[in-house]
Amino acid sequence: MQGLEIPSLGMITLAIIQALIMVALAPLFTGLSRVIRAKMHSRQGPGILQDYRDLYKLLRRQDVAPSPSGIIFAITPWVLIITMALVAMAMPAVTNHSPFPIAGDVITDIYLFAIFRFFFALAGLDSGSIFAGLGSSRELTLGVLVEPILILSIFTVALITGSSDLGNMSNTLATLPWSMPVATVVSGAACAFVIFIEMGKLPFDVAEAEQELQEGPMTEYSGSSLALMKIGFGLKQMVVVMLFLAIFVPFGKADTLTVSALLIATLWLLVKLFVCFSIASVLENSMARVRYVQTHELTWIGFGIAVLGFLFYLTGI
C-alpha cells in the first residue's frame with residue numbers, strides 16, 4: 001500500500017512533467033471543444049489552435065484592474081493555477097500509482113477544488129463589480145449543488161477499494177477484479193455527471209462566454225491576468241476529466257517507469273482525453289440551456305444516482 005512517504009526524485013520529476021504537459025495541452029482540448037461546437041452549428045469557427053493564439057495575445061497586453069480591487073483580485077489567477085497544478089501532479093495519469101502521493105488523497109484534492117472555487121468567487125466580489133459579484137454568487141450556489149455528488153460518488157469507490165488515495169484506488173480497480181461492479185459503475189455515472197458540469201458545459205454554462213456563470217467573476221480581468229485565469233480554467237477541465245479517468249477508467253497505464261511504457265501510457269491517455277472531450281462537446285451541443293433557477297432540478301438527478309451507488313455498496317453488489 002502506498003502511504004504518505006516522500007516520493008522519489010524520479011516520481012517528483014514525473015509529477016512536475018505531468019503537470020506541465022497538462023498545462024500545455026489544456027488549450028488544445030478547449031480548442032477541440034470549440035471546433036466541435038462550430039461544426040455542429042454548421043459554421044466555420046476557429047481553428048483548434050485558436051486558444052493558444054488568444055493566450056499569446058492576452059499575455060502581451062497590459063493588466064487593467066478596477067480601482068476597488070485588492071490583493072485577492074491580484075493573486076487569484078495564480079491560486080487557480082497552483083491548486084489545479086497540485087492536483088495534476090498527484091493524478092495517477094500514466095502510472096498505476098500517484099507520482100506525488102502527498103497531494104494524492106481524495107480529501108486533499110476535494111479541498112483543493114474547494115480553494116479553487118472559493119478564491120474564484122472572492123475575486124468576483126473583490127472586483128467591486130455588481131455583475132461579477134452576481135457571477136460569484138451563482139458559482140458558489142452551483143458548487144453547493146454539485147460538490148456533494150462528487151464527494152459521495154468518489155467516497156463510495158474509496159469504501160469499495162479500502163483507500164482514499166487516488167493511486168491505490170486506481171491501482172485496485174485496474175489490477176483486481178471489481179468486488180462491487182454495480183456500485184462502482186453507478187458511482188462512475190454520478191461522477192461523470194459532476195465532471196460534465198465542472199467542465200462549464202451547457203445546459204448550465206458556456207466556458208468561454210463571459211456573461212455565463214463560470215466566467216461571470218472574470219468580467220473585470222484583462223490582459224495577462226485574464227490569460228492566467230483562462231489557463232487555470234482550461235487546466236481545471238483537464239484535471240476533472242483526468243480525475244474521472246484515473247478512478248473509473250484506470251486502464252492502459254505503465255507498469256514500469258521505462259520510457260517506452262510511459263510513452264504508450266501517454267498515447268492511451270491522449271486517446272481517452274480526446275474521447276471524453278468529444279463526447280462532452282457533442283452532449284453540450286445536443287441540449288438546450290436551462291434557466292438557472294431550474295439547476296437544482298437536474299443536479300438532484302445526479303445526487304440520486306450517487307445515493308443509489310452508495311446503496312448498492314451497502315448491499316454488496
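The values are calculated or read from the model by the stated rules, or taken from the named source; none is laboratory data. Since we're looking at a predicted model, the values are computed, not measured. Cβ sites come from the backbone with ideal geometry, for glycine too, and all protein chains shown count toward neighbours. These area figures cover heavy atoms from the full protein model, side chains too; ligands, DNA and RNA do not enter into them. Shrake-Rupley method; radii C 1.70, N 1.55, O 1.52, S 1.80 Å.
Just a few scattered comments:
- Residue in segment 247-267 that is in contact with a helix residue (DSSP H, G or I) (Cβ under 6 Å, 6 or more places away or on another chain), assigned to a helix (DSSP H, G or I) and either exposed (fewer than 13 other Cβ atoms within 10 Å of the Cβ) or of a type outside the set (Lys, Arg) (or both) present: yes
- Every listed requirement among (1) within 20 Å of the chain's Cα centre (by Cα); (2) on the phi > 0 side of the Ramachandran plot is met by Gly45 save one, (1).
- Among the residues of segment 139-154, those identified as closer than 18 Å to Gly232 by Cα and open to solvent by less than 60 Å² (accessible area, probe 1.4 Å) are Glu139, Gly143.
- Condition broken by Thr161, with the remaining ones in (1) surrounded by fewer than 23 Cβ atoms within 10 Å (Cβ to Cβ); (2) at pLDDT below 90; (3) more than 15 Å from the chain's Cα centre (by Cα) satisfied: (2)
- Leu20 vs. criteria closer than 30 Å to Gly104 by Cα, open to solvent by 30 Å² or more (accessible area, probe 1.4 Å), free of Cβ contacts under 8 Å to residues at least 40 places away in the same chain and not hydroxyl-bearing (Ser, Thr, Tyr): yes
- The numbered conditions (1) open to solvent by less than 10 Å² (accessible area, probe 1.4 Å); (2) in contact with a Lys or Arg (Cβ under 8 Å, 6 or more places away or on another chain); (3) not hydroxyl-bearing (Ser, Thr, Tyr) are all true for Val87 except (2).
- Answer residue from segment 180-194, given it is open to solvent by less than 10 Å² (accessible area, probe 1.4 Å) and among the β-branched types (Val, Ile, Thr) and is nearest to the chain's Cα centre (by Cα) among those: Val194
- Counted residues, segment 109-138 - those being open to solvent by 10 Å² or more (accessible area, probe 1.4 Å) and part of a helix (DSSP H, G or I): 18
- Subset of segment 23-68 [surrounded by 19 or more Cβ atoms within 10 Å (Cβ to Cβ) and of a type in the set (Ser, Thr, Tyr)]: Thr30, Ser33
- Within segment 290-317, residues that are under 27 Å from Ile160 (Cα atoms) reach partners that are hydroxyl-bearing (Ser, Thr, Tyr) with beta carbons closer than 6 Å, at six or more positions or on different chains, in the pairs Ala306/Ser153; Gly309/Thr156; Gly309/Ser187; Phe310/Thr156; Tyr313/Thr156.
- Total residues in segment 286-315, condition of a type outside the set (Gly, Ala, Ser), over 30 Å from Ser42 (Cβ atoms) and open to solvent by less than 70 Å² (accessible area, probe 1.4 Å): 7
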